[in-house]
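Structure record follows, encoded as structure tokens.
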Amino acid sequence: MIYIKDLAKHEGQEVELKGWNAQKRDSKGLVFMTMRDGTGFVQCIINVETVGNDAFEAAKRLPQESSFSLTGKVVKDDRQFGGYEIHATAFTVIAEAEEYPITPKEHGVDFLMDNRHLWLRSKRQWAIMRVRNEIIYSIHRFFQEKGFIQMDAPIFTGNACEGTSTLFETDYYGEPAYLSQSGQLYGEAMAMAQGLIYTFGPTFRAEKSKTRRHLSEFWMIEPEMAFYDLKMDMDVIEEFIRYVITSVLEKNQMELSVLERDTTYLEKVRAPFIRMKYEDAVSIIKGEKEVNGKTTLQMLEEEIAQLKAEKETLLKDIEDREAKINSGELKKGEVNFNRNKVDQLKNQLKDIEEKEQNIPAWLNSARNFKRGDDFGGSDETVLTKMFGQPVMVYNWPQEVKAFYMKEDEHDKGYAKGVDLLAPEGYGEVVGGGERETDLERLKHKIIEHDLPMQAFEWYLDLRKFGNVPHAGFGLGLERLVAWICGLQHIRETIPFPRSYGRLLP
Ligand code: 4AD
Ligand code: MG
């Protein structure tokens, strides 16, 4: 038996494949069955003359997602996905499936989410998971090649790290414990032992809101570096994100094309990232400062005009296809094809209408942004739309950032924190910064943030024994997957998403 990914090595030979029926159609003595085997998709042509009547009839009847094995000749065909097709010589059913709920027609998102355990088999979800895999692998490569030590931070924790409002509380032998919001504090302890470390683990945030950027359970990568300052931290963030995206661009072209990902913005990570202070970012968001001769207001107005044009094209296309369907001149296959296409176009139309509705709200919130506030999702979107490439915003007002952030000695009231904002509306993918090293100030901040001092005694020890400047950051894996794959919503970036209102499957 061989795998679909290796077909090129077997051109012209007869091979045995095992897999599932992803899709099929038949016409006059031929069945065209798309087999998927986990490593790829390939069209298999099952000819009644070659496989015999029984095998042919079995193939013709075989429901979607049934498993089967097949022997056949590997034939080059550039028009096919993957570049090959199989001319079957024998065909055996392994297990016939019941009627499969996910058909090639368009389905609603809730339905697909309820069937996530099956939805994962679709070509699109398959492609996303493969990109996710390469991202994970390249993250480890990046840090390992630089000599960072991977550490596992605990998941049961006795204290908050990123504010108390998003803690999941659980019972730990009769004591309250919290599911980890971040491995950072433990990472800091380990960095004092190993110098350069990174964590890669599950992270939990109890956020009672449904947004396209938030999960209740996500994976975070948190490097921590002894003797690093904010500038060095930003250099690592930039090199790291460039490395991971370049790896995906090199290795996952096939997956990105399945996702119909326009990689123009991804390619831009090769150029230096934009770096700006919070105050400058605010001036841009509020429309007080232009970028390339444009204010945010002008940029958004142009976008509204563009959406309008896109909408008209879509409406025309839908109208034309509906007229064709109703004309009675099309064959059954063509009618089905056009019906699916119309459903697809209507979904696209919904997306556009949603965007059209969002833009005035963004404009409003950008104009009324209060200097000193944290950025909301729409502020990040508006800001990054002005650049079309990653933007690092640093020196944030201390009040909006976590207790452990170091105050900038030359810029009082501002914390040496940094957020990396991805373009195309993806927003914050990385948050990090230089850590407060002053013991007294740190104690003061713990009190100010209303955190229990006793739970932080161990953390304060790090400032008593061999205190050094240090910095780090956290990357949200799913946010990066969403950006790289160009996904509208974070729910497709992780095999089984956990978010407000969803615990199954
Ligand atoms: O900005 P955050 O909260 O920073 C920290 O947790 C720091 N302790 C990191 C550090 O300096 N070591 O979270 C870091 C990143 C965010 O930029 C975002 O990408 C992701 O984690 N993230 C989420 N991803 C999905 N769903 C959520 N609810 C997320 N919350 C944060
Ligand atoms: Mg953050």
When residue 137 is evaluated against the numbered criteria (1) closer than 30 Å to residue 459 by Cβ; (2) at pLDDT 95 or above, which criterion, by number, is the only one it fails? (1)
If the Cβ limit is 7 Å and pairs must be 6+ apart or interchain, which residue in segment 1-21 that is closer than 23 Å to residue 63 by Cα and charged (D, E, K, R) pairs with which residue that is in a strand (DSSP E or B) and modelled with pLDDT of 95 or more? 16/69; 16/71; 18/69
Working carefully through the options 496, 473, find the one that is touching a residue at least 24 places away in the same chain (Cβ under 8 Å), out of contact with any strand residue (DSSP E or B) (no Cβ under 6 Å at 6 or more places or on another chain) and within 15 Å of ligand 1 (Cβ to nearest atom). 496
Residues of segment 92-132 satisfying the condition of being aliphatic (A, V, I, L, M) and assigned to a helix (DSSP H, G or I): 109, 112, 113, 118, 127, 128, 129, 131
Any chance residue 90 is surrounded by fewer than 17 Cβ atoms within 10 Å (Cβ to Cβ), farther than 30 Å from residue 345 by Cα, under 36 Å from the mean Cα position of the chain (by Cα) and without any contact (Cβ under 8 Å) to a residue 60 or more places away in the chain: no
For residue 132, which of the numbered conditions (1) crowded, with 17+ Cβ neighbours inside 10 Å; (2) within 16 Å of ligand 2 (Cβ to nearest atom) fails to hold? (2)
Residue 375 - would you say it is of a type outside the set (Asp, Glu) and part of a loop (DSSP other than H, G, I, E, B)? yes
State all residues of segment 408-445 that are surrounded by 19 or more Cβ atoms within 10 Å (Cβ to Cβ) and acidic (Asp, Glu); if no residue qualifies, say none. 408, 419, 434, 436
If you take the residues of segment 166-191 that are under 19 Å from residue 446 (Cβ atoms) and touching a residue at least 40 places away in the same chain (Cβ under 8 Å), which of them is surrounded by the fewest Cβ atoms within 10 Å (Cβ to Cβ)? 166
Pick from segment 419-447 the residues that are at pLDDT 95 or above and closer than 23 Å to residue 303 by Cα: which of them is farthest from ligand 2 (Cβ to nearest atom)? 422
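Look at residue 270 and say whether it is of a type in the set (D, E, K, R), in contact (Cβ under 8 Å) with a residue 24 or more places away in the chain and loosely packed, with under 15 Cβ neighbours inside 10 Å.
Values: of a type in the set (D, E, K, R): yes; in contact (Cβ under 8 Å) with a residue 24 or more places away in the chain: yes; loosely packed, with under 15 Cβ neighbours inside 10 Å: yes.
It is true that residue 270 is of a type in the set (D, E, K, R), in contact (Cβ under 8 Å) with a residue 24 or more places away in the chain and loosely packed, with under 15 Cβ neighbours inside 10 Å.
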Given (1) away from ligand 1 (no atom under 13 Å from the Cβ); (2) within 20 Å of residue 433 (Cβ to Cβ), residue 187 misses just (1)
Considering every residue within segment 224-235, establish whether at least one is within 20 Å of the chain's Cα centre (by Cα), more than 9 Å from ligand 1 (Cβ to nearest atom) and not aromatic (Phe, Trp, Tyr). no
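Name the residue that is nearest to ligand 1 (Cβ to nearest atom), counting only residues in segment 145-157 that are assigned to a strand (DSSP E or B) and hydrophobic (A, V, I, L, M, F, W, C).
Initially, segment 145-157 is screened for residues assigned to a strand (DSSP E or B), giving 149-151, 156-157.
When the remaining residues are screened for being hydrophobic (A, V, I, L, M, F, W, C), the result is 149, 151, 156.
On the way: 149: 16, 151: 12, 156: 17 Å.
Going through the qualifying residues, I end up with 151.
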Considering only segment 421-470, how many residues are β-branched (Val, Ile, Thr), touching a residue at least 12 places away in the same chain (Cβ under 8 Å) and away from ligand 1 (no atom under 13 Å from the Cβ)? 3
Can you run down the residue pairs with Cβ atoms below 9 Å, 6 or more apart or on separate chains, where the first is in segment 55-77 and under 17 Å from residue 122 (Cα atoms) and the partner is among the acidic types (Asp, Glu)? 63/96; 63/98; 63/99; 64/99; 65/98; 66/96; 67/96
Considering every residue within segment 428-446, establish whether at least one is within 31 Å of the chain's Cα centre (by Cα) and aliphatic (A, V, I, L, M). yes
For segment 158-183: of the residues being closer than 23 Å to residue 209 by Cβ and outside any loop (DSSP other than H, G, I, E, B), which is nearest to ligand 2 (Cβ to nearest atom)? 166
Give the residues of segment 450-505 that are of a type in the set (Lys, Arg) and at pLDDT 95 or above, sorted by residue number. 463, 464, 479, 491, 498
Which of the residues spanning segment 378-391 are away from ligand 1 (no atom under 12 Å from the Cβ) and either closer than 26 Å to residue 243 by Cβ or of a type in the set (D, E, K, R) (or both)? 379, 381, 383, 384, 385, 386, 387, 388, 389, 390, 391
Mind checking which helices (runs of 4 or more DSSP H) fall wholly inside segment 273-367 and carry at least 2 residues that are at pLDDT below 95? 296-327, 332-367
Within segment 216-244, the count of residues that are crowded, with 23+ Cβ neighbours inside 10 Å and in contact with an Asp or Glu (Cβ under 6 Å, 6 or more places away or on another chain) comes to 1
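Of the residues 476, 472, 486, only one is surrounded by fewer than 21 Cβ atoms within 10 Å (Cβ to Cβ) and of a type outside the set (Phe, Trp, Tyr); which? Spell out the reasoning first.
Values: 476 fails: surrounded by fewer than 21 Cβ atoms within 10 Å (Cβ to Cβ); 472 fails: surrounded by fewer than 21 Cβ atoms within 10 Å (Cβ to Cβ).
Among 476, 472, 486, only 486 is surrounded by fewer than 21 Cβ atoms within 10 Å (Cβ to Cβ) and of a type outside the set (Phe, Trp, Tyr).
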Which numbered condition in (1) more than 14 Å from ligand 2 (Cβ to nearest atom); (2) touching a residue at least 24 places away in the same chain (Cβ under 8 Å) is the only one that residue 409 fails? (2)
Sole residue being within 16 Å of ligand 1 (Cβ to nearest atom), at pLDDT below 95 and either surrounded by fewer than 18 Cβ atoms within 10 Å (Cβ to Cβ) or not charged (D, E, K, R) (or both), chosen from 199, 203, 211: 211
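Which of the residues spanning segment 207-233 are aliphatic (A, V, I, L, M) and part of a loop (DSSP other than H, G, I, E, B)?
215
The values are calculated or read from the model by the stated rules, or taken from the named source; none is laboratory data. Quick caveat, the model's predicted, so the values are computed rather than measured. FYI the Cβ positions are ideal-geometry reconstructions off the backbone, even for glycines, and counts take in every protein chain you see.
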